[in-house]
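Beneath this line is the structure, given in structure tokens, with notes to follow.
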Amino acid sequence: MSESVVLRTVGGMLFPYILVYGLYVQMHGEIGPGGGFQAGILIAAAFILHSLLFSPQGTDRLLPSRLVDIAMCSGVLLYIGTGVLCLLMGGYFLDYSVLIPSDPAYAEALGMTLVEIGVGLTVASVILTMVRKIRGEAT
Amino acid sequence: MDPVLLLDVILLLLAVTTAITAMAIRDLLGSVMLMGIYGLLMAVIWADLFAMDVSFTEASVGAGAATILLLSALTRTGTRERTGGDHHLPALVVVLITGSVLIHGTSQMPAFGDPQAPAHIHVAPHYLSQDIGKVSQKSSDGATRRDFGDHVPNTVTAVLTAYRGYDTMFETVVIFSAGVCLVLLLRPRSPLRREQADE
């Protein structure tokens, strides 16, 4: 926990903006530079900043480590699940165009957004877990 | 002198100097900080080469996440390097030979930005025009239709998650496995196990 009032005030003000920027990079990855991987790291960085400036227990209350573990698994499941859903809809594995038969081009973009969210969830929670475990915070 | 070339040379010199200094200094905290600066410089170099997605990743991973990880590791260890700076001669020879082979290899690579380079005339035109997938083949009216109906202007994302979806899927699985290994290796011992270990 940081003793400096300036650091804690500015960091606390920055925290929501980093989160929103991470979400923007996540959802904007199909249009501009970015995507799930970068967004995941940005979102993890927001929580790491929070735990560096305030107490690790506070961050743990904000985002319990059990929830991080669940997000880690559900990200991979979302990616593979999208592929399996394409199989069930009658296409190839990860062939998103079958998701919406009436508009295959839009379905491709939708499938890509879904798997990018999966990548983002996994990357964010793995990076957060890594830093927490190495610093010996979360139990 | 070409201002772009001047910028390239300055960035390259800065990156090399930072990397060598990061290895040379004995203060580990300073070394980690220099590695962060090195990551940021590499991000600028990637942006200079018009590789925006790589630049973005380098800035967030190389300068951000890796620095934080190394700093957290430093809180567990000391901040001074313990071993002396003795030089290992065979290692230097191996590194010099490998380096010269790699530099020799670059002499046969096409020039930067050469439109006739093999990488630019093989599949890249199809990636850029986004006309490989099934969607474009389905168009029966003869009009050229792009795979994602112009919903995905960023070709890098299109290649990563659609044209090479398997690759990205297993990358995600690799990251996930790393996270699971960390959770398993660094979990606190349960009270029962601790009692058994004490006996």
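Just to confirm the number: angle between the C-alpha axis of helix B:66-76 and the first principal axis of chain B, 0 to 90 degrees, nearest 10?
Compared with the principal axis, the helix lies near 10 degrees.
Would you mind checking segment B:32-57 for residues with the amide N under 16 Å from a putative spin-label position 7 Å along Cα→C-beta of B:His120?
B:49-51
Specify the angular offset, from 0 to 90 degrees and rounded to the nearest 10, of the alpha carbon long axis of helix A:36-53 from the longest principal axis of the alpha carbons in chain A.
Its long axis makes an angle of about 20 degrees.
Show me the three semi-axes of the equivalent ellipsoid for the protein assembly as shown, from the C-alpha gyration tensor (sqrt of 5 times each eigenvalue), largest first, rounded to whole Å.
Rounded to whole Å, the semi-axes are 37, 31, 20.
Under the definition of partner shielding as Cβ atoms of other protein chains within 10 Å of a residue Cβ, what is the mean value for peptide A:94-103?
3
Return the whole-Å distance between the Cα centroid of segment A:38-113 and the Cα centroid of segment A:1-24.
24 Å
What is the spin-label model distance, in nm, from A:Arg61 to B:Arg187 if the labels are put 7 Å beyond Cα along the C-beta direction?
2.7 nm
Viscosity 0.692 mPa s, temperature 37 °C: Stokes-Einstein D of segment A:5-135 from its Kirkwood Cα radius, in µm² per second?
Rounded, D is 208 µm²/s.
Could you calculate the contour length gain from B:Val93 to B:Met52, that is, 0.36 nm times the residue separation minus the distance between their Cα atoms, to one decimal place in nm?
11.2 nm
Enter the angle in degrees (range 0 to 90, nearest 10) between the Cα long axis of helix A:104-135 and the first principal axis of the Cα atoms of chain A, meaning the one along which they spread out most.
Taking the Cα atoms of chain A, the angle to A:104-135 is about 30 degrees.
Would you mind telling me the share, in percent, of accessible area of chain B contributed by carbon and sulfur at probe 1.4 angstrom?
69 percent
Classify segment B:1-81: rounded, prolate or oblate, from the alpha-carbon gyration tensor (a ≥ b ≥ c, eigenvalue square roots; a/c under 1.5 rounded; otherwise prolate if a/b is larger than b/c)? Show your work: numbers first, answer last.
On the way: a/c = 5.41, a/b = 1.69, b/c = 3.19.
Because a/c hits 1.5 or more and a/b fails to exceed b/c, segment B:1-81 counts as oblate.
Mind ranking B:104-110, A:92-98, A:41-47 by how tightly packed they are, going by the mean number of other C-beta atoms within 10 angstrom, highest first?
Going from most to least packed, we get A:41-47, A:92-98, B:104-110.
Can you classify chain B as rounded, prolate or oblate using the Cα gyration tensor, where a ≥ b ≥ c are the square roots of its eigenvalues, rounded means a/c under 1.5, and otherwise it's prolate if a/b beats b/c and oblate if not?
Cα axes put chain B in the oblate bin.
Between chains A and B, what is the buried accessible area summed over both chains (1.4 Å probe, protein heavy atoms, nearest 100 Å²)?
About 3800 Å² of accessible surface is lost on pairing.
Calculate the dipole size of segment A:1-120 relative to its Cα centre from +1 charges on Lys and Arg beta carbons and -1 charges on Asp and Glu beta carbons; express the result in debye to the nearest 20.
Roughly 400 debye for segment A:1-120.
Going through segment B:18-89, which trypsin sites (Lys or Arg not before Pro) have at most 11 other Cβ atoms within 10 Å and a DSSP loop state?
Those that pass, being in a loop and sparsely packed, are B:Arg82.
Might you tell me the accessible area per residue for chain B, computed with a 1.4 Å probe and given in Å²?
Working: 13710 Å² over 199 residues.
In whole numbers, chain B has 69 Å² accessible per residue.
Mind listing which chymotrypsin sites (Phe, Trp or Tyr not before Pro) in segment B:17-124 are in a DSSP loop and have 14 or fewer other Cβ atoms within 10 Å?
Loop-located and lightly packed - B:Phe50, B:Phe112.
Please average, across the residues of B:155-164, the number of beta carbons from any other chain that are within 10 Å of each residue's own beta carbon, and give a whole number.
Working: counts 0, 6, 13, 4, 0, 8, 18, 10, 0, 1.
Across B:155-164, the average partner-chain Cβ count within 10 Å equals 6.
Counting partner chain Cβ atoms within 10 Å of every residue's Cβ in A:25-35, what's the average?
That works out to 6 on average.
The values are calculated or read from the model by the stated rules, or taken from the named source; none is laboratory data. What you see is a predicted model, and the numbers here were worked out from it, not measured in a lab. We place every Cβ from the backbone using ideal geometry, glycine too, and count neighbours over all the protein chains shown. Accessible surface is based on the protein model in full, side chains and every heavy atom, while ligands, DNA and RNA are left aside. Shrake-Rupley method; radii C 1.70, N 1.55, O 1.52, S 1.80 Å.
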